[in-house]
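The values are calculated or read from the model by the stated rules, or taken from the named source; none is laboratory data. What you see is a predicted model, and the numbers here were worked out from it, not measured in a lab. Counting neighbours? That spans all protein chains shown, and the Cβs are built from the backbone with ideal geometry, glycine included.
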Amino acid sequence: MSTDREEFDEFVRQHRETLVRYALVLCRDSHFAQDLVQETFLRMWRIRKTGDRAIELNRYLAATILKNILIDQLRRRGKEIELFRRMGETPTAILPEDPSDKSAAREQIRRFLEKLSAPLQEIFFLNVVGGFQPREIAEFVGLKPTTISNYLSGIRKLIKAEHPDLNDDNS
Amino acid sequence: MGVDRMFDHDARALTRQMSSMDSEAHLRSIIAALDADDAAQDAETEVSTGRDPTGRTPVSRPAAEQFGTWPDSELTQCLRQARQGDAASARRVAELLELTDQATAAAAWWHRAAAAGDSDAIIYIEGFRTT
């Protein structure tokens, strides 16, 4: 086994679980998420094998490839109209139905989130559903952690402005 | 109820999905797929071109260009479009300048993008005021 391959296998071991969680936030299907992650690593390894070591193996590259694969897969499955109708070209988390909560407030939040751009929806859902911290989200989307924090803060502030009846979770 | 609590159901469902997965089996499956890919490529190289004496596949320019020079390449492109008045490009310039620790220049572009009507930049500035 080559040194390159050993390094890559170690990269896989270190980042597999985090990438699966990331994929789950986007697609909400565990089998699909695992397939996406496997295909992502395969494509990363092929890029690595081009011999250009300037291509850095990191979560941003992995997340970018994973999203591209997800877009391709969804197009092939004919679901792009359903999933991308309000999100441009980027797949992102769809707020699923919560059988335990049919409240009007949740529906209002859903409508508010649908108005956000796809990258901001992704950032928001990675945080509140995926449990990722701004530093981790920053690695996925290729931004500074402070940028993520400001985006999250801005989204929460706007939600509060539209729904002043919502409590602060931290209070 | 707060915003985060509204998503408790989704967060718990995701955690359940994660814990129900067989991590070891998934890892083995990935490693096996990588091995199979290597084996297939080795066979293809031998048949079609003869083995590369360095043991490496030739550099793929598109891959190198796409991932090797980021974020400089994207910044250059976005600056050009932002100067032509594109609001989303102006916001992207702000993000990339912030990423590369050029905070002062980034601040100017955040405001420029917001003034041009980019909704993400407006939300960012709203968030910045609270932090």
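Within the range A:1-111, which helices (runs of 4 or more DSSP H) (wholly inside it) include 2 or more residues that are modelled with pLDDT under 90 and surrounded by fewer than 16 Cβ atoms within 10 Å (Cβ to Cβ)?
The qualifying helices (runs of 4 or more DSSP H) are A:3-27, A:59-76, A:80-84.
Go through (1) more than 13 Å from chain A (Cβ to nearest Cβ); (2) modelled with pLDDT under 95; (3) assigned to a helix (DSSP H, G or I) one by one and return the number of the condition B:Arg112 breaks.
Condition not satisfied by B:Arg112: (2).
Please indicate, with yes or no, whether at least one residue in the range A:130-145 is more than 27 Å from B:Ala107 (Cβ to Cβ), modelled with pLDDT of 90 or more and not hydrophobic (A, V, I, L, M, F, W, C).
Yes.
Residue-wise test of (1) hydroxyl-bearing (Ser, Thr, Tyr); (2) more than 10 Å from chain A (Cβ to nearest Cβ); (3) over 17 Å from A:Ala138 (Cα atoms).
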position: B:Arg91; (1), (2), (3): no, no, no
position: B:Glu95; (1), (2), (3): no, no, no
position: B:Ala116; (1), (2), (3): no, yes, yes
position: B:Ile122; (1), (2), (3): no, no, yes
